[in-house]
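Since the structure comes first, as structure tokens, the remarks are kept for the end.
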Amino acid sequence: MMSHGYKPELSEGAVKCPIFQTSTFVFESAEDGKAFFEVAYGLREARPGEVPGLIYSRLNNPDLQILEERLCLWDEAEAAAVFESGMSAITTVLLEFLHPGDLLLYSMPVYGGTEHFILEVLPKYNIQGIGFRPDHTREDMIRLVEESGRKDRLRLVLVETPANPTNDLFDLRLCREVADHFSRSEERVLVTVDNTYMGPLWQHPIQHGADLVMYSATKYIGGHSDVIAGAVLGSTELITRVKTLPTFLGNMAGPWTGWLLLRSLETLKVRMEQQAENAGVVARFLKDHPKVENVYYLGLIPENSPQYAIYKRQCSSPGAMVSFEVKGGEAEAFRFLNNLKMIKLAVSLGSTESLAEHPATMTHAGLQPEHQREIGITPNLVRISVGVENHRDLVYVIGNALEKV
């Protein structure tokens with residue numbers, strides 16, 4: 001992965017891919033320009049052995065092309081598209097594959113920004129979203145679609161698993177079955193998975209029937225809290241559609257974003273493995289603490305639980321996200337957060353530093369209180385993204401903050 005797609009001899013021998021900070025690229029001939037545009041605008045398929053040429057950084061850029069090729073290796077995808085944010089990746093997919101009158105079936109809970117777009121923006125275009133919970137069966141999901149009055153207009157199943165912030169798992173095989181149930185010979189219902197919580201290391205949704213995988217690349221892929229980005233991966237056919245819309249929306253990523261993510265990919269595995277190891281220590285400490293009610297962490301799922309079977313089938317690690325409920329309410333959760341040392345009080349996740357936040361009043365503040373309760377976001381819930389610090393330090397500062405509650 002670290003050398004894939006880059007030839008130093010084409011860049012003055014630079015051992016790392018340079019930042020191609022340019023808006024436009026020179027054609028060697030008018031014929032080249034014509035050929036490049038024909039492929040870029042989908043007027044024809046690239047011929048065998050033909051490499052799509054560089055035109056304009058809104059359409060393609062060496063940093064982005066190399067990044068997209070390297071991302072594909074992790075998820076064993078045919079193609080990828082990189083965006084300037086995770087939300088731009090998600091909204092582009094929804095706008096490309098949903099049309100007025102269509103139905104979207106989505107998992108709950110889901111990231112607050114995603115849910116806001118589904119519930120507040122898509123209805124303006126007469127697109128309806130209905131949510132399903134992790135305990136819903138195949139029959140439950142089919143009934144939800146049929147009762148919507150738009151069963152013939154289901155176009156997309158959007159799944160975020162593990163769910164943010166509760167770590168609930170959704171069965172991707174089940175979602176594929178429901179999508180196939182409503183697919184027609186002329187159109188297949190797509191399954192799209194937001195894999196941000198697991199990153200490209202710990203879960204590979206395409207292997208479990210997903211058509212598209214989405215990431216907030218800001219998180220584990222970027223991993224340093226210094227870049228905002230998003231990514232979508234899937235088949236060449238679907239990603240061609242996903243890439244066409246940003247050409248005209250203009251929400252593609254720039255060369256600096258591509259370069260920063262190329263840098264981060266080189267330490268992806270070592271970072272994530274250390275974060276997962278630390279998270280296990282933190283979760284076990286919280287599980288036995290007298291001032292903690294419940295801990296939501298994949299490594300603590302009871303073996304007799306249906307969630308455990310999904311975890312063993314879909315995930316290769318419990319990950320590095322730990323959510324837990326402090327005994328009490330919002331005031332007690334705030335007291336814990338306000339007394340944390342070293343762990344930063346900030347939203348986002350997946351970075352080298354540990355971050356803690358309060359979902360009910362921060363990342364999911366846009367949801368109505370009754371809806372928060374329905375999907376398990378309580379006033380005393382705290383979410384921690386575990387970083388690469390020494391695990392003894394993490395346990396020490398968490399224990400000190402809990403003593404203040």
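Can you confirm whether region 302-317 contains a residue that is surrounded by 14 or more Cβ atoms within 10 Å (Cβ to Cβ) and closer than 22 Å to residue 358 by Cα? Looking for residues that are surrounded by 14 or more Cβ atoms within 10 Å (Cβ to Cβ) and closer than 22 Å to residue 358 by Cα, one finds none in region 302-317, hence no.
The rows are residues; the columns are (1) in contact with a helix residue (DSSP H, G or I) (Cβ under 6 Å, 6 or more places away or on another chain); (2) outside any helix (DSSP H, G or I).
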{"site": "226", "(1), (2)": "no, yes"}
{"site": "237", "(1), (2)": "no, no"}
{"site": "247", "(1), (2)": "no, no"}
{"site": "284", "(1), (2)": "no, no"}
{"site": "313", "(1), (2)": "no, no"}
{"site": "318", "(1), (2)": "yes, yes"}
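Restricting region 34-55 to residues that are more than 28 Å from the chain's Cα centre (by Cα) and among the small types (Gly, Ala, Ser), the residue that is surrounded by the most Cβ atoms within 10 Å (Cβ to Cβ) is 35. Quick one: would you say residue 384 is crowded, with 22+ Cβ neighbours inside 10 Å and either assigned by TED's automatic domain parsing to the domain that holds residue 117 or more than 25 Å from the chain's Cα centre (by Cα) (or both)? No. In the set 303, 325, 389, only one residue is assigned to a loop (DSSP other than H, G, I, E, B) and under 25 Å from residue 219 (Cα atoms); that residue is 389.
Table: residues versus (1) surrounded by 24 or more Cβ atoms within 10 Å (Cβ to Cβ); (2) in a helix (DSSP H, G or I); (3) among the β-branched types (Val, Ile, Thr); (4) out of contact with any helix residue (DSSP H, G or I) (no Cβ under 9 Å at 6 or more places or on another chain).
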| position | (1), (2), (3), (4) |
| --- | --- |
| 164 | yes, no, no, no |
| 168 | no, no, no, no |
| 181 | no, yes, no, no |
| 192 | yes, no, yes, no |
| 197 | yes, no, no, no |
| 200 | yes, yes, no, no |
| 207 | no, yes, no, no |
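The set of residues in region 351-381 that are at pLDDT 95 or above, under 19 Å from the mean Cα position of the chain (by Cα) and among the polar types (S, T, N, Q) comprises 351, 352, 354.
Quick one: count up the residues across region 249-282 that are among the aliphatic types (A, V, I, L, M) and outside any helix (DSSP H, G or I). Count: 2. Candidates are the residues of region 331-350 that are within 16 Å of residue 393 (Cβ to Cβ) and not basic (Lys, Arg); the one that is nearest to the chain's Cα centre (by Cα) is 343.
The residues listed here are 241, 284; of these, the one that is without any contact (Cβ under 8 Å) to a residue 24 or more places away in the chain, surrounded by fewer than 22 Cβ atoms within 10 Å (Cβ to Cβ) and either farther than 16 Å from residue 350 by Cα or touching a Pro at 6+ places or on another chain (Cβ under 8 Å) (or both) is 284.
Does residue 188 meet the test of being modelled with pLDDT of 95 or more and not acidic (Asp, Glu)? Against the criterion (modelled with pLDDT of 95 or more and not acidic (Asp, Glu)), residue 188 qualifies. Somewhere in region 323-338, is a residue crowded, with 23+ Cβ neighbours inside 10 Å, of a type in the set (A, V, I, L, M) and assigned by TED's automatic domain parsing to the domain that holds residue 388? Taking every residue of region 323-338 in turn, at least one turns out to be crowded, with 23+ Cβ neighbours inside 10 Å, of a type in the set (A, V, I, L, M) and assigned by TED's automatic domain parsing to the domain that holds residue 388.
The values are calculated or read from the model by the stated rules, or taken from the named source; none is laboratory data. Model, not experiment: these values are computed from the prediction. Positions of Cβ are backbone-derived with ideal geometry, glycine not excepted, and every protein chain shown enters the neighbour counts.
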